[in-house]
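Trainee: Structure incoming, see below.
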Amino acid sequence: EEKRALPESGPNGNGNVFKAFVRAGLAEHFKDYDCVTINYIDNPLTQPLDPKLTGPNAEIVVQCIEKRVEDQHMGVLVEEQGNFNIIEYTELDHSRDYKYVYTGQLAFDFSFFCKMGDNELPIHWVCKKVDGRWVWKGEQFIFDVFKYAKTIVPLCVDRNTHFAPIKGSESVAQAVELLELKG
């Protein structure tokens, strides 16, 4: 209730990827690359080298799919006053209709990605189950860097060829089916 830091240490969300990448010296190691793609490991249909994802001349390309009823636990892609943003599912306004959900796949211009390692991102307080008890956890979100980008390109893809997240044993069969269809 007080939304204070947990005494345990652990991951603080995916927004720390920029700072960790630069601090680890990877920026120098990969300096000849133009693009960094980020994808969640629970999606076997992810296509990190898709030219539609890596090709646009933009600081950020964000992959999305059309929203369905079963997507209630996914963040959404919104455009407001010409600016794109992701709203985490825990922060959605349930009186609004959203058209696109965020698949977790992004492509960043390499220099923009490295530059974001210098920024302090906000903390989002999320209630999560840790060691069998519900606690408030402070997390940084990767899409909090959207406000720093001059160019963001949304990329709407076909769910059946790009998105089959494995969130538990019940979703494995669907992912296998889509992988077989993809061939």
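The values are calculated or read from the model by the stated rules, or taken from the named source; none is laboratory data. Since the model is a prediction, treat every value here as computed from it, not as a measurement. Cβ atoms come from the backbone with ideal geometry, glycine included; neighbour counts cover every protein chain shown. Side chains included, ligands, DNA and RNA excluded: accessible areas come from the protein's heavy atoms. Shrake-Rupley method; radii C 1.70, N 1.55, O 1.52, S 1.80 Å.
Trainee: Ignoring everything except DSSP H segments at least 4 long, calculate the 222 nm mean residue ellipticity for the chain; use -39,500 (n - 2.57) per segment, divide by total residues, nearest 500. Walk me through the numbers on the way to the answer.
Mentor: Working: 6 runs with 39 residues, N = 183.
-5000 deg cm²/dmol, from helical runs alone.
Trainee: Something else about it: Under a 1.4 angstrom probe, counting protein chains only, how are Y33, Y148 ranked by accessible area, largest first?
Mentor: Of Y33, Y148, the descending order of accessible area is Y33, Y148.
Trainee: Among all stretches of the chain without exposed GluC sites (Glu not before Pro) (DSSP loop, at most 10 other Cβ atoms within 10 Å), which one is longest?
Mentor: The longest uninterrupted stretch comes out as 9-119.
Trainee: Shifting gears a bit: Among I65, I87, I41, which one shows the highest mean-square fluctuation when the chain is modelled as a Gaussian network with alpha-carbon springs under 10 Å?
Mentor: Result: I41 has the largest fluctuation of those listed.
Trainee: Okay, moving on. Over the chain, what is the relative contact order in whole percent, taking alpha-carbon pairs under 8 Å and six or more residues apart?
Mentor: Result for the chain is 34 percent.
Trainee: I would also like to ask the following. Heavy atoms only, probe 1.4 Å: what % of the accessible area of segment 95-134 goes to carbon and sulfur, would you let me know?
Mentor: 47
Trainee: Using DSSP loop states and a limit of at most 13 other Cβ atoms within 10 Å to flag trypsin sites (Lys or Arg not before Pro), what is the longest stretch of the chain containing no flagged site?
Mentor: That would be 100-149.
Trainee: With a 1.4 Å probe and all protein chains kept in place, how much accessible area does C127 have, in Å² rounded to the nearest 10?
Mentor: Only protein atoms counted, so the area is about 60 Å².
Trainee: In addition: Which label belongs to the value computed from this structure, given these candidates for volume of the Cα convex hull per residue in Å³: (1) 133; (2) 189; (3) 152?
Mentor: Read-out taken from this structure: (3).
Trainee: I would also like to ask the following. For the chain, what does the accessible surface come to per residue with a 1.4 Å probe? Please give it in Å².
Mentor: Details: 11310 Å² over 183 residues.
Here the per-residue accessible area is 62 Å².
Trainee: Just to confirm my numbers, what's the Cα centroid distance between segment 30-44 and segment 94-133 in Å?
Mentor: Here the answer is 15 Å between Cα centres.
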